[in-house]
Amino acid sequence: MKTVHLTLFSIFLGCLSLTGIIVAQPIYQKIGLHDKANFINSSPNWKVVGNIWYGPFKSKLREEAGSGVLVNTLSGNNRAPLVTKMEHGNILLEFDFMLAPYSSTTVYLQGRYGIRLTDSWSENSDTSEICGSILKRSSFSGEERKELRSLPPRMNVARAPGLWQHLRIVFQSPQFDPNGEKRSNARLLQVSLNGVFIHEDIALPDITYTELFQNELNTGPLVFSGNSRIAFRNIRYCFFDEQEKDRVLLPAQVPVMGRTPLVVTPVQKTIVQRCFMSDEGSGEDQKMTSCAVVGESTDIHYGINLEQGAVIRLWKGEFIDATTMWEGRGVVQLARPLGSVITLSGQPLFATFRDQYTPWPDTMQQGYRYAGYQLDKQGRPTFNYYFQGLQFHDRIIPSDNNRFLTRSLHLIQGDPGKELWILLAAGTVIEELEGGLYAVNDKSYYVRLDKKKHREVVLRDVNGRKELLVPGSALKMPGLTWSYIW
Amino acid sequence: MKATQKICFIILVLLALQIVPTLQLEAQHDNHSVSSTGKPQTEDDFYKIQTIRPPEGVLLEISGMATLPDGRLAVCTRRGEVWLVENPSGTRPWFKLFASGLHEPLGLAWKDGALYTAQRAELTRLTDADGDDQADMFEAICNWPLSGNYCEYNHGPVIGRDGNFYINLNLADNGMSNKEPFYGEMGSHARWRGWMIRVSPDGKLEPYAAGLRSPAGIGQNATGDIFYTENQGGWIGTGYITHVEKGDFFGHPSSLKSAGEPGSTVHIKSTDIPTNAPMMHTAVRQLPGLKMPSVRFPHGILGISTSGIIADTSGAFGPFFKDQVFVGDEGHPKILRVFLEKVNGEYQGAVFPFREGFMSGILRMAWGDDQSLFVGMSDRGWSSTGPERWGLQSLVWTGETPFEIRSVKAMPDGFELEFTLEVEKETAENPHSYEISGFDYLYHMTYGSEVQDKKDCSVKAIKVAADGRSVRLVLDGLREGYIHEIKCKGIRSEKGLPLLHDFGYYSLNSIPKGDSLNPDLEGVILISGETAAMTVNKSEPAQAAPSRTGRIPAKHVTVMPASWAGGPDHIFTIGTEPGLKFDIEQLTVKPGSRIKLVFDNNDDMQHNWLLVSPGTADEIGKAALDLGLKGANMQYVPVSDKVLYHTSLLQPRSKEAIYFTAPEKEGKYPYVCTYPGHYLIMRGILNVKK
């Protein structure tokens, strides 16, 4: 029981760190990716490009010339690893990575201790490993090496192939006495994937990769294994000594009133919890006051702002922390999504306008009313809205083996006319990958539209922002369906 | 001189014996009725409390209750669940989860096969369409804006005789910000906050009345008129229950921010609000449209946080209380009783103690189909003085008749007191049996109010009705607009019993027109001026009216003594923590050390800080509670050698530094807040040792 609480607590901390409660910022150095100058004898399968598109399904791979992104193309069936010139002891390491479907690869600290970067999203993947697993051996060097074990993360917060993911590792190198005898094991002090703590304080008694190095030492390079398609960018790091640990570790905040957080967990049925949610984009103390979070026992969840008909959060992993709603007087009064959260634009679902250059409004136009929801036997809601004389039913359900959410909007009453538009996504960047499949906000999630409807989509650029819309005519039977994939 | 001393002594004795409602943790009711067997009668002899336990693991922080036509009890909770309790009065009630996921629903009402609740952002109808006892339709009937402040509670709905829904929209907590210096600690930060709204069955919102602050209760009297209860705070000198009619304004000016909005029914401007801190009876004369609450509850004496309202239309608590109204309290877990009458077209009346000893702060009440009253409790993080944080209990009349003041009615020249049992004529005709005085509270931005302008009334004539069930009192010194304290300590029943509760407070908002009591009628006892003066025209004890800053100087020094050349030996700053706690509960000093103590009341309620002699925290806390009406004026600091040092009664979010020398004698000296009831938990220890 205690372990469970500690786990929850850590997740809670992970989320706090996401909201920016970080004391002192470490000073980073970068591994430049203008070319491959920072790597030793790199093999041609490793290439520097400007941009890349994979997945999420077995889609064709595309790349764009340029610099800043390091990619393993597997060209010439070459699977050589990539080794940095930089060698490190204690290190805080951060980077973005993008997996191709079914990729399964490893990054090795000091060329010796592995963390698995695997596609744990695609179905029928040949590995059951969850992204972020640690390769671990449990015996000391000198003894016969035991079989490798893969230590899974606390929860699966991996994203779909083709999306940028973020890994943050705090690694402590093994220590040796003057005679070269090991005094202490290497340790992974913290590992967070996509903003969520997945490992804390894991001892690594022995090396897990033996091709380049046979012994433990206090320094070594970073090694990216070359056996699968993967891309990296923004590789940065910071060395630290014992005294500087606090600067690199994400801080352990004391939870509200020193108690165990009140974590809400769907057990069998879906949970719909009405709540306030924080409106991170709009400054201090701003809350969205008519929200619902909807959680599934299969760990796929969303948050919706009912005043806007807008899905505002998508996440996987644990459901919500309701501590600030229910502890004491509940002064903060916010439902805090756990797991790795994707924030959507939050702009209203509907708008009417004559001129196609009118920017999408930030708040719902006149004539809208949220009118409640109906639960099905599983406890999943169908939301009911009225907008300018029209009535809509909105249903968001997990699909494709709980890998993504599919949203169906049905017009129940009224004639949509020619001025009604529906917003599918908005953000800084929206890229069309193939017919009906779009990557939003620098590939942080996908929107996929029903194939029959995608011809009606308008992807427009208004004042430097991208908006993905469909006209009201797309609501024709059997309704409008699109998916949020991440 | 001697005579004066004697009177003073008598008064002191009377003060000491004065019956003030005790907190439920205290088992003794030594001044209460004595049965024929000689055992003192208690509330428990007449009204039994029974506890209904939910299944293991269910957190029943009750925030709303409704009885279904089939006798099941529906309760909703702070965490957004709705439970159906089958056979709630039985020994084995059965709980079934009807709905979950609501956002802090604060009321339940049943209408035409559906449950209605006000959750944070809307009025919602919950329907079980497929008959499996689980709600599947959650329809938003009416939506409203919010700023997102936790204090924006929505109490209700109550379904009026007109079929509409009535809901109270609580103000937001302004917190430590002082961002609204005129409105004070609570503010309206979204449209219609601080209003009672009326919602038609098709969802149309009508702003109904304004000036609400923290209106935790909404309900109906026996005839179905709409009433609400208010909590003491800024602009609200003391809690109350009041009748509400369309267009009423009850005084909290922050709600007037919406008064200019389309549909507003109140047209007072913030600039119309008097800022010279008038007494409430003056304020209602100065400001047309400001409504005097029907019945005000003296703060700290009859509760501190009024909440749920329920009328006994069936006489479930005895035929003598039929049609009276019962009001819960969320801070002191007790139920108060209210008698209402209409005088000159408006409701007014009296409030009496009724039943204490519940397990937690009371929020809601509902009648069962077997005449029992279900009492739903949750302190909701506001620290009630009850032993539990939440609970569900029932209250059942035993069938025995308590000897109580059934009602007090205003008369052109005094009051008529009605009793539940026949009174002993001799005691009822004795003017010494009564003590009556009038007082008021201020209308100002400051949190709460001290008792103002308290003056005694003298009894001029008494007439006991032929049936011995009522007493007509003619009084000198009645004042319109004042609350009148009516104590009948000397009254005995015909069987010689004292009253179970021998006092009440009548809000004399209006004096009825009509003839005075004819002194020539048979049975009228006229009281000579001298006797009257002897009984009630007393002077206050010398220490009872201290100056606000002065008190007894050595105990309350707010400037560093000139002799402390080297400054204090210790500077301590003590704040508060939610849950009625000091943030520092242990201090250690050497005997005789010079201490500067800063009490930083960072809480949102009033507190003081008293250092008392070892082992006397209970005694002093109880003595503060027993100060009654004088309590607020004395800042709840009892006159006692055992009080060593103290601060003033500090307003929320204010601080004060006091200077004192630690006792020379080693020991554990408790420090305690003596605001009514707080002493039970809000304490610390100053450890004096070499």
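The values are calculated or read from the model by the stated rules, or taken from the named source; none is laboratory data. Keep in mind that this is a model prediction, so the values were computed, not measured. Virtual Cβ from ideal backbone geometry, glycine too; neighbours counted across all protein chains shown. Just so you know, the surface numbers come from the protein's heavy atoms only, side chains and all, with ligands and any DNA or RNA stripped out. Shrake-Rupley method; radii C 1.70, N 1.55, O 1.52, S 1.80 Å.
Give the range A:400-430 a look and list any residue that's at negative phi, of a type outside the set (Lys, Arg) and open to solvent by 30 Å² or more (accessible area, probe 1.4 Å), or say none.
Within the range A:400-430, A:His410, A:Leu411, A:Ile412, A:Gln413, A:Asp415, A:Pro416, A:Glu419, A:Trp421, A:Thr428, A:Val429 meet the criteria.
Looking at B:Gly315, B:Gly247, B:Gly289 in this structure, which one is surrounded by fewer than 21 Cβ atoms within 10 Å (Cβ to Cβ) and free of Cβ contacts under 8 Å to residues at least 12 places away in the same chain?
Result: B:Gly315 is the single residue among B:Gly315, B:Gly247, B:Gly289 that is surrounded by fewer than 21 Cβ atoms within 10 Å (Cβ to Cβ) and free of Cβ contacts under 8 Å to residues at least 12 places away in the same chain.
Examine the range B:141-162 for a residue that is in a loop (DSSP other than H, G, I, E, B), away from chain A (no Cβ under 14 Å) and polar (S, T, N, Q), and state whether such a residue exists.
No: the range B:141-162 contains no residue that is in a loop (DSSP other than H, G, I, E, B), away from chain A (no Cβ under 14 Å) and polar (S, T, N, Q).
Would you kindly identify the strands (runs of 3 or more DSSP E) lying entirely within the range B:406-483 that contain at least 3 residues that are open to solvent by 10 Å² or more (accessible area, probe 1.4 Å) and touching a residue at least 40 places away in the same chain (Cβ under 8 Å)?
B:452-464, B:470-476
Any idea which residue in the range A:145-166 is surrounded by the most Cβ atoms within 10 Å (Cβ to Cβ), counting only those that are among the hydrophobic types (A, V, I, L, M, F, W, C) and under 22 Å from the mean Cα position of the chain (by Cα)?
The residue in question is A:Val157.
When the residues of the range B:571-607 are narrowed to those that are in a loop (DSSP other than H, G, I, E, B) and in contact with a Lys or Arg (Cβ under 9 Å, 6 or more places away or on another chain), which ends up most open to solvent (accessible area, probe 1.4 Å)?
B:Lys590
Which of the residues belonging to the range A:172-197 are open to solvent by less than 10 Å² (accessible area, probe 1.4 Å) and not in a strand (DSSP E or B)?
A:Ser173, A:Pro174
Output the number of the condition that B:Trp94 fails; it satisfies all remaining conditions of (1) open to solvent by 40 Å² or more (accessible area, probe 1.4 Å); (2) within 14 Å of chain A (Cβ to nearest Cβ).
Condition (2) is where B:Trp94 drops out.
Scan the range B:653-686 for residues that are within 26 Å of the chain's Cα centre (by Cα) and open to solvent by 30 Å² or more (accessible area, probe 1.4 Å) and jot them down.
Once the filter is applied, which keeps residues that are within 26 Å of the chain's Cα centre (by Cα) and open to solvent by 30 Å² or more (accessible area, probe 1.4 Å), the range B:653-686 yields B:Arg653, B:Ser654, B:Lys655, B:Leu680, B:Ile681, B:Arg683.
Can you work out which of the residues in the range B:97-120 that are open to solvent by 40 Å² or more (accessible area, probe 1.4 Å) and touching a residue at least 12 places away in the same chain (Cβ under 8 Å) is nearest to the other protein chains (Cβ to nearest Cβ)?
Only one residue tops the list, namely B:Ser100.
Can you list residue pairs whose Cβ atoms sit under 6 Å apart, with the first residue in the range A:285-299 being closer than 16 Å to B:Trp144 by Cα and without any contact (Cβ under 8 Å) to a residue 60 or more places away in the chain and the second being open to solvent by less than 60 Å² (accessible area, probe 1.4 Å) and among the aliphatic types (A, V, I, L, M)? Count only pairs 6 or more apart in sequence or on different chains.
A:Met288/A:Met277; A:Thr289/B:Ala121; A:Thr289/B:Leu146; A:Cys291/A:Met277
Return the residues of the range B:126-140 that are more than 8 Å from chain A (Cβ to nearest Cβ), closer than 18 Å to A:Tyr370 by Cα and open to solvent by 10 Å² or more (accessible area, probe 1.4 Å); say none if nothing qualifies.
B:Thr127 - this is the single residue of the range B:126-140 that is more than 8 Å from chain A (Cβ to nearest Cβ), closer than 18 Å to A:Tyr370 by Cα and open to solvent by 10 Å² or more (accessible area, probe 1.4 Å).
Which residues, taken from the range A:370-423, are of a type in the set (S, T, N, Q) and within 14 Å of chain B (Cβ to nearest Cβ)?
Passing the criteria: A:Gln374, A:Gln378, A:Thr382, A:Asn384, A:Gln391.
With respect to A:Ile169, determine if the residue is open to solvent by less than 10 Å² (accessible area, probe 1.4 Å) and either out of contact with any Ser or Thr (no Cβ under 9 Å at 6 or more places or on another chain) or β-branched (Val, Ile, Thr) (or both).
Yes: the conditions hold for A:Ile169.
Would you mind stating whether B:Tyr153 is in contact with a strand residue (DSSP E or B) (Cβ under 7 Å, 6 or more places away or on another chain) and of a type in the set (Phe, Trp, Tyr)?
Taking the combined requirement at face value, the residue does not satisfy it.
Considering only the range A:32-116, give the strands (runs of 3 or more DSSP E) lying wholly within it that have at least 2 residues that are more than 18 Å from A:Cys238 (Cβ to Cβ), open to solvent by 30 Å² or more (accessible area, probe 1.4 Å) and among the charged types (D, E, K, R).
Answer list for the range A:32-116: A:62-72.
Which one is surrounded by the most Cβ atoms within 10 Å (Cβ to Cβ), of the residues in the range B:484-507 that are aliphatic (A, V, I, L, M) and more than 12 Å from B:Glu429 (Cα to Cα)?
B:Leu499
Within the range A:462-484, how many residues are of a type in the set (A, V, I, L, M) and in a strand (DSSP E or B)?
Number satisfying all stated conditions: 5.
Just for the range B:608-652: of the residues that are touching a helix residue (DSSP H, G or I) at 6+ places or on another chain (Cβ under 7 Å) and of a type in the set (Phe, Trp, Tyr), which one is most open to solvent (accessible area, probe 1.4 Å)?
B:Tyr645
Mind checking which strands (runs of 3 or more DSSP E) fall wholly inside the range A:270-354 and carry at least 2 residues that are within 11 Å of another protein chain (Cβ to nearest Cβ)?
Qualifying strands (runs of 3 or more DSSP E): A:271-278, A:287-295.
Would you please list the contacts, defined by Cβ atoms under 9 Å and residues six or more apart or on different chains, that run from a residue in the range B:506-520 that is over 18 Å from B:Tyr347 (Cα atoms) to a residue that is among the polar types (S, T, N, Q) and open to solvent by 70 Å² or more (accessible area, probe 1.4 Å)?
Going by the 9 Å Cβ cut-off, there are no qualifying pairs.
Would you tally the residues in the range B:279-315 being part of a loop (DSSP other than H, G, I, E, B), farther than 19 Å from B:Glu245 by Cβ and not small (Gly, Ala, Ser)?
8
Sort out which residues of the range B:350-386 are at pLDDT 95 or above, farther than 28 Å from B:Glu418 by Cβ and in contact with a Lys or Arg (Cβ under 7 Å, 6 or more places away or on another chain), and write them in order of number.
Matches in the range B:350-386: B:Ser360, B:Gly376, B:Ser378.
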